[in-house]
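Since the structure comes first, as structure tokens, the remarks are kept for the end.
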Amino acid sequence: MRLVRSAGFVKVGTFNSTEDFLKRAVLEGGSLLILDVLLPGKSGIELQQHIRRSGLSVPVVFISAQEHQLERARKECPEALAFLLKPFGGEELLEVVRRASKN
């Protein structure tokens, strides 16, 4: 996430699992989640659905090295901001982050 910080987005956090995120994260206005579809414990999809059920509206970008996992995310979470297949370019990621910050 150094790339995101270097673009001027100073509040960047990383988490080892969905459980780690749920224990430590504080979602504020302007938050954006970049979630790998496959995470230890709950999947990125399950985390996004949990957040939605909690009544929060947070833009999500799903990433995965497996096209079929991104397809699954598209079906289960069509409201996500973007779906990026690894490897993706830094500028591609920054464009999505900039788009989210304008909303």
Students often get this wrong: which residues of region 50-81 have the backbone nitrogen under 16 Å from the point 7 angstrom along Cα-to-C-beta of Phe15?
50-63
May I ask you to list the aspartates and glutamates whose Cα is less than 16 Å away from that of Lys23, ignoring any residue fewer than eight positions away on the same chain?
Glu46
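Given the rule -39500 (n - 2.57) for each run of at least 4 DSSP H residues, summed and divided by the residues of the chain, what is its mean residue ellipticity at 222 nm, to the nearest 500 deg cm²/dmol?
On the way: 5 runs with 45 residues, N = 103.
Using -39500 (n - 2.57) per qualifying helix, the result is -12500 deg cm²/dmol.
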Set the Förster radius R0 to 30 Å, insert the Cβ-Cβ distance between Arg2 and Lys75 as r into 1/(1 + (r/R0)^6), and round the FRET efficiency to 0.05.
0.40
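Classify the chain as rounded, prolate or oblate from the Cα gyration tensor: take a ≥ b ≥ c as the square roots of its eigenvalues, call it rounded if a/c is under 1.5, otherwise prolate when a/b beats b/c and oblate if not. If you can, show how the numbers build up before the last one.
On the way: a/c = 1.39, a/b = 1.09, b/c = 1.27.
Rounded shape, in that the Cα axes give a/c under 1.5.
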Can you tell me the relative contact order of region 2-102? Whole percent, Cα pairs under 8 Å, sequence separation 6 or more.
25 percent
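Taking the Cα centre as origin and putting +1 on Lys and Arg beta-carbons and -1 on Asp and Glu beta-carbons, what dipole magnitude results for region 2-102, to the nearest 20 debye? Display every interim value, and only then the final one.
Details: 15 positive and 12 negative charges, 56 e Å.
For this selection, approximately 260 debye.
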Qualifying aspartates and glutamates (Cα of each under 19 Å from Cα of Lys102; at least 8 residues distant if same chain)
Glu28, Glu79, Glu91, Glu92
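Which of the GluC sites (Glu not before Pro) across region 21-103 are loop residues per DSSP, with 10 or fewer other Cβ within 10 Å?
Details: sites: Glu28, Glu46, Glu67, Glu71, Glu76, Glu79, Glu91, Glu92, Glu95; in loops: Glu28, Glu79.
Those that pass, being in a loop and sparsely packed, are Glu28, Glu79.
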Build a GNM of the chain with springs between Cα atoms under 10 Å: which of Leu47, Leu22, Leu81 gets the top mean-square fluctuation?
Leu22
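Here, each number is a calculation from the coordinates, and none is a lab measurement. Small disclaimer: the values here were computed from a predicted structure and weren't measured. Please note: Cβ atoms are built from the backbone with ideal geometry, for glycine as well, and neighbour counts cover all protein chains shown.
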